[in-house]
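Input: a single structure, listed below in structure tokens.
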């Protein structure tokens with residue numbers, strides 16, 4: 001049996017969970033998230049816990065069991081605490097600004113790159129070289145952080161680019177300048 005799938009999800013106060021027609025809706029202090037749950041997975045909601053059960057031990061049900069439980073746990077965490085991803089800009093002259101809701105990146109191109117956030121995502125720029133992406137949906141926050149990183153991914157020779165805060169860039173040695181014949 002799945003070790004992750006059989007763990008109950010603890011509900012904190014001010015969080016309500018409803019299930020109608022295969023759609024699970026989680027409402028909390030930060031907002032509301034809804035997601036369609038696979039029809040074979042059974043979600044039991046009592047006052048303080050949510051338990052996910054699978055109908056059989058075939059491969060599909062086993063793979064869905066832990067995933068479904070993790071998705072629901074992330075929904076509960078998102079509406080109570082939210083998710084953040086932090087990115088760092090490394091390079092001379094690389095900087096980020098926030099104009100209105102838009103994020104404006106100057107990262108070595110001839111033009112600034114603008115990224116417009118979704119309604120569920122907020123960009124914070126505490127310093128010129130730091131970007132914080134906040135939101136209640138883990139999937140959307142990660143997608144926007146990846147979209148920002150893809151503007152200028154870190155390169156392995158000088159380490160310049162946009163990287164996640166805790167990302168380690170494997171550095172390569174440059175040319176050695178050997179003998180010419």
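Worth a mention:
- Boolean, residue 96 is within 24 Å of the chain's Cα centre (by Cα) and assigned by TED's automatic domain parsing to the domain that holds residue 131: yes
- Region 125-147 - residue that is more than 24 Å from residue 71 (Cα to Cα) and not in a loop (DSSP other than H, G, I, E, B) and, of those, nearest to the chain's Cα centre (by Cα): 131
- Elements of type strands (runs of 3 or more DSSP E) in region 1-97, at least 3 residues being within 30 Å of residue 154 (Cβ to Cβ): 83-90
Here is a yes/no grid of residues against (1) touching a residue at least 60 places away in the same chain (Cβ under 8 Å); (2) surrounded by fewer than 16 Cβ atoms within 10 Å (Cβ to Cβ); (3) over 30 Å from residue 163 (Cβ atoms):
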{"position": "48", "(1), (2), (3)": "no, yes, yes"}
{"position": "55", "(1), (2), (3)": "no, yes, yes"}
{"position": "82", "(1), (2), (3)": "no, no, no"}
{"position": "85", "(1), (2), (3)": "yes, no, no"}
{"position": "89", "(1), (2), (3)": "yes, no, no"}
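- Odd one out for residue 140 among (1) farther than 15 Å from residue 82 by Cα; (2) surrounded by 15 or more Cβ atoms within 10 Å (Cβ to Cβ): (1)
- When 28, 22 are checked against the criterion of being buried (at least 17 other Cβ atoms within 10 Å of the Cβ), under 23 Å from residue 140 (Cα atoms) and not assigned by TED's automatic domain parsing to the domain that holds residue 122, a single residue qualifies: 28.
The values are calculated or read from the model by the stated rules, or taken from the named source; none is laboratory data. As the structure is a prediction and not an experimental result, all values here were calculated from the model. Don't worry about glycine lacking a Cβ; one is built from the backbone with ideal geometry, like all the others, and counts go over all protein chains shown.
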